[in-house]
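This report concerns only the one structure given below.
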Amino acid sequence: MSVQSLEDMVSRRDLLQTFGVSATLGFAGCGGLFSTESSRQTSTPDAATPARTPTVTLRPEGTATPSDPAGTTILDQTLTPTPSPTATDTPPSTGSATATAARTSEIAGTPAFTPSDGPDPHDFGTSVALVDGVALVDREGDSVAVFESSDDGWRQTATLTPEREDITYSNLPVPIVLDSETAYIGGIRLGDNGAVDVIERVGDEWTRQTQVTPDDPPEDFYNFGRSVAYSDGTLVVGAVNEPTPMVSYRGHVFVFEGSGDDWTQVADFGTDPHDLFGRSVAVSGDRLLVGAPATGEGTNWDGTVYGYERSDGEWIQASTLSVEAEDTAFGRQVALDGDTAVVAAIESDSPGRVYVFERTEDGWTQQDSFPGAQGADGADAACTITLQGSTALLGNPRDDTAGEAVRLERVDDGWERTERFVANSRDPADRFGAAVALDGQAALVGAPTFDDERPGRGYLFDL
């Protein structure tokens, strides 16, 4: 490889710096490395589109919900995590509206979650997870905040921090997967080459069960825990070297089966060097998708998604997904639920796209595509995606205008954009959409701000 071609590849590192989580995504009383502080605890809106009133689930300050001058609905859900409920907490109130299939209604909101302690609070919201009244919010690998919902509203119940000051989960947003009462948190700085912590809530406390690592990592192995996915006893972990002049940036994907503190490695996949294989992973039942956004001729990052299927206990490669467009980093993010897959392709000099595929007897077939993400001059393009049933949520933090999260829904034989979520501040510095999570009729959007004068935030919306 020529020095120039390597520099061309390295110059795109920013393309891959913002981390998203593809799966649906802890700790009080954690042992080992961790100590716990526990308190016991898109389109432009159309004037003809009816405004929608989301469920106001968090209003501990007791403030009224104002009207937005533009006619959109603003959520007033300011929550500062404190050890005990305040007298002004109010139970959820509900509202409804109808978004037409051909138009995208806009919904603006104020923060639901803000950090109460810790360094660099503006990084709060780099990764999020939401399941069954529990929300996890990452502070760029420094710590993970746990929030839980009750009749009195949402409260932060724990702050999860590494016990050793020189160890963090990562210096990047970390993947957080939450399944029922178990959290899987990837940390590329845990152990020698990274690890995934398995944390379970037992009673009122979250307890670290084990730390998952590969059995026999290859010599050029780095950054285990860069991507994480989980489904029904199957844990999938990507180990990917970011492009730098010092190391090859090939990737590996490891598959484990088990639960609690008992996990067995059952598969290890790898492909050609220099493809970032495993930069994103998604698993659903007996299907697995692995994104390799740097595949392509020469310095092109065309991107490929590899499909695997489990048969008689063995994982085999069964398909590949790709698009005709060149140099798009197809596979930067992947999400999978049953027969549906959503893949983000982020182009370097034009708006990226998000593609929806459906699995049939003939293989994976593209159904639709939508505008994706693009930062200023394409340099910091980033997109986060999550998928649940017939709903997908796309996060687009941008850096040239205010960020957004766009809801896609399956309608008849295709997919359409139906709602667009924004922060009421509409400030590009907020990085609204840097992380997204879905849980039934609720959506959580992270906004780790560039503004050092205020903390990052998490926004909760009713779908």
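Please treat every number below as a calculation from the coordinates, not as lab data. Because the structure is a prediction, the values reported are computed rather than measured. No Cβ is skipped: glycine too gets one built from the backbone with ideal geometry, and neighbour counts run over all protein chains shown.
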State the volume of the convex hull built on the alpha-carbon positions of segment 226-314, expressed per residue in Å³ and rounded to an integer.
91
What distance in nm separates the two pseudo spin-label positions at Thr320 and Asp215, each 7 Å out from Cα along the beta-carbon direction?
2.8
Under the 0.36 nm per residue contour assumption, what length would be gained going from the current alpha-carbon distance of Glu257 and Asp362 to full extension?
34.9 nm
Hey, what's the Cα Rg ratio for segment 175-218 versus the globular rule of thumb, 2.2 N^0.38 Å?
1.24
Using 1/(1 + (r/R0)^6) with R0 = 35 angstrom and r between the beta carbons of Asp400 and Glu297, what's the FRET efficiency to the nearest 0.05?
0.75
